[in-house]
Each structure stands twice: as C-alpha cells, then as structure tokens.
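J.: Structure in structure tokens, see below.
The values are calculated or read from the model by the stated rules, or taken from the named source; none is laboratory data. Remember, it's a predicted structure, so these values are computed and weren't measured experimentally. All Cβ positions, even for glycine, are placed from backbone atoms using ideal geometry, and neighbour counts span all protein chains on display. Please note that ligands, DNA and RNA were not included when accessible areas were found on the heavy atoms of the full protein model with its side chains. Shrake-Rupley method; radii C 1.70, N 1.55, O 1.52, S 1.80 Å.
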Amino acid sequence: MTWGKWWLLGAFGALVAVTWINPLWPAEQALHSSLTAVAIVALWLLRRRLDTAQWAWALLFLALHTIAARWIYSFVPYDDWTNALFGVRLSEAFSWDRNHFDRLVHFAYGVCLTAILRRRWVRSVEIVLATSALYELLEWAIAMTLAPDVAEAYNGQQGDMWDAHADMALAALGALVTSLASCALRRSRAAATRSPAPATTPRERPGREPAR
C-alpha cells in the first residue's frame, strides 16, 4: 500500500462517516451501503494489483454511491446544491420530473470501471454491460423478495418502467466515452513523442562558389 492509497482510503472513510451523521433512512441506507462494504473488501484484496490511479477511480465511484445512499438515491438534493452554488435548479432548467442522481452514478460506473480495466473498448463495454445487467437482476430479486416500500426505497425507480434499461445504457455510454477518450489521449501522446526528422542540406565544399 502506497501513501497515496492510504490517503484516498482515509478520505473515503471520512466521507462515509459524514453521511452517517443523523441518517434520514438508516435501514435503507445500510442496505445500500452493504454493497459498498463488499466492494471495499474486494478492493483491499486486489490492492497489490491496482495502482494508485485505479484505486482512485474505484473510490470515486464508491464515493458517489455513498452520497446517493445517504438520500436513498431518490431524494438527493442536488437542486439545492446547484441553486446555492450557481443559482440554478437543474430540475426546473431541464424540466425533470424525477431525481436523476441515479443516472449520474450509473454513467460514472461505466466511466470508472473502464478506467480501472484499461482494456480495448469493445471488451470494456461488454464487461460494463454484463455487470450492469447482473446488478439490475439483483434489484429485481430485491423487488420480488422484500416488502414493496423497502424494495422501492432500494431500487429508486420512481415510477420509471424503463429504469433498468436507462441505467444499463448510461453505464455503457460511460464506458464508450472513457474508451474513446483514452484512445485519443494515447494517440496524442504517441504523436507528441514522434519528432520530425531535421531537414538536411548538402554541405558546400570550401573554396568553391555555389552554382548559380
């Protein structure tokens, strides 16, 4: 473990602690946080195989998920945040009739997982889509086994029958955007390292005038 990883883990731990101050929905937040605990254990087991940048991408996604879990996704007050910072309420500006923070988290999942995997774009999109589908199946299982109010609090569909499809599509879009950006960055770096050969001119022999 490098110092960078320890600092990132410490910052994430501080964020988790803050989100648990006077929790609004403790049972539902704990249900969401259970997957975060599983992810942290997996991250710790893979600590020797992941460099600091990959570690940071993983904790960035978990940080977004932790913030969303505080408000069980459906009630994240991002309108209040943007209004305080910029004087704009996103829901009013874009005529949104639902809370879209879950869309951001699913898009970020595609971005962060692709940055961690560092594979070709087709393979990255495949992995993101496959794991997103597994998560949506988990949500379906929760909806079928838990009480309706608990299932709705966890899934956060907010009445959207296409919620699972939109989540998977945004995750795949995040993977595609990150893959294309990484490819463009690699090409620009490769082009920068290739310097053009210096132009050469025939050397004049001493004592002779150049031809006119």
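J.: Given only helices, namely DSSP H runs of n ≥ 4 each adding -39500 (n - 2.57), what is the per-residue ellipticity at 222 nm of the chain, to the nearest 500 deg cm²/dmol?
T.: Only helices count here, giving -23500 deg cm²/dmol.
J.: What whole number of Å gives the distance from the Cα centroid of region 84-130 to the Cα centroid of region 14-64?
T.: 17 Å
J.: Determine the gain in length on full extension of the stretch His165-Val150; use 0.36 nm per residue of separation and subtract their C-alpha separation, reporting nm with one decimal.
T.: Computed gain between His165 and Val150 is 3.3 nm.
J.: Peptides 63-74, 9-20: what's the order by average Cβ count within 10 Å, highest mean first?
T.: Highest-to-lowest ranking by the protection proxy: 63-74, 9-20.
J.: Also, quick follow-up: Applying 1/(1 + (r/R0)^6) with R0 = 30 Å to the Cβ-Cβ distance of Glu92 and Cys183, what FRET efficiency is obtained, to the nearest 0.05?
T.: Between Glu92 and Cys183 the formula returns 0.20.
J.: While we're on this one: Tell me, in nm to one decimal, what length is gained between Ala191 and Leu138 on full extension, where the rule is 0.36 nm per residue of separation less the Cα-Cα distance?
T.: 14.6 nm
J.: Classify region 70-150 as rounded, prolate or oblate from the Cα gyration tensor: take a ≥ b ≥ c as the square roots of its eigenvalues, call it rounded if a/c is under 1.5, otherwise prolate when a/b beats b/c and oblate if not.
T.: oblate
J.: Another question, if that's okay. Shape of region 1-69 from its Cα gyration tensor (a ≥ b ≥ c, root eigenvalues): rounded if a/c is under 1.5, otherwise prolate when a/b > b/c, or oblate?
T.: Note, shape of region 1-69 comes out prolate.
J.: Looking at region 1-149, I'd like the Rg to Rh ratio, where Rg is from alpha-carbon atoms and Rh is Kirkwood's inverse mean 1/r.
T.: 0.98
J.: At 1.4 Å probe size, with every protein chain present, just tell me what the per residue accessible area of region 26-87 comes to in Å².
T.: 53 Å²
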